Structures are given as C-alpha cells and as structure tokens.
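Please read the structure below before turning to the comments.
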Amino acid sequence: MEHRLVELEIRLGLAENLVDELNLTVYRQQQQLDLLQEQLRHLHRQLEEGLAAGGRRPASEEIPPHY
C-alpha cells in the first residue's frame, strides 16, 4: 500500500510540473499573439492612411511597369 501511495505522489508531482510548463507555454504564445496583433493593427493603420492620402506608393515602392 505504501509503495502505491508513493507512486501516486510521484505521478501527481510530474503531472503538476507538466501543467506548469504547459501554462507557461500558453502564456508565452499569448504574448506573441498580442504582439503580432498589435503589429498587424499598426500595418493596417499605415495602409489606411496611405489609401486616404491618395493611394499612391512612395516612388521607392512603385512596381515597375513590366510586372
């Protein structure tokens, strides 16, 4: 009986560690998603401002006519 209890305690400890690692992974991924969403919003604002200003690209970004 004692051996089974120790085995269960070990498994519980390993499971708790795994849950902690998974939570940290999810937290980091959410931070990355938040950063990417902010960057996307920034790019969208830039695009909208460019279109509102006449929709022309700067000369350095113009696509050559052969495309």
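FYI, it's all coordinate maths here, none of it is from the lab. As the structure is a prediction and not an experimental result, all values here were calculated from the model. Cβ sites come from the backbone with ideal geometry, for glycine too, and all protein chains shown count toward neighbours.
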Can you compute the helix-only [θ] at 222 nm over the chain? Use -39500 (n - 2.57) per DSSP H run of at least 4 residues, normalise by all residues, nearest 500 deg cm²/dmol.
-28500 deg cm²/dmol
Could you tally the net charge around Leu14, taking each other residue with its Cβ under 13 Å from the Cβ of Leu14, Lys/Arg +1 and Asp/Glu -1?
-4
With +1 on the Cβ of every Lys and Arg and -1 on the Cβ of every Asp and Glu, the dipole magnitude of the chain about its Cα centre, in debye rounded to the nearest 20, is 400
In order through region 40-46: 3J(HN,Hα) via Karplus (6.51 cos²θ - 1.76 cosθ + 1.60), integer Hz, x for Gly, Pro:
5, 4, 4, 5, 5, 4, 4
Quick one: net charge of Val26's neighbours, Cβ under 14 Å, K/R +1, D/E -1?
-2
Along the charge dipole of the chain, pointing to its positive end and built from +1/-1 on Cβ of Lys, Arg, Asp and Glu, which listed residue (Gln31, Leu12, Pro64) has its Cα farthest out?
Pro64
Could you give each residue of region 6-16 its phi-based ³J(HN,Hα) in whole Hz, using Karplus coefficients 6.51, -1.76, 1.60 with θ = phi - 60°, and x for Gly or Pro?
5, 4, 5, 5, 5, 4, 4, x, 5, 5, 5
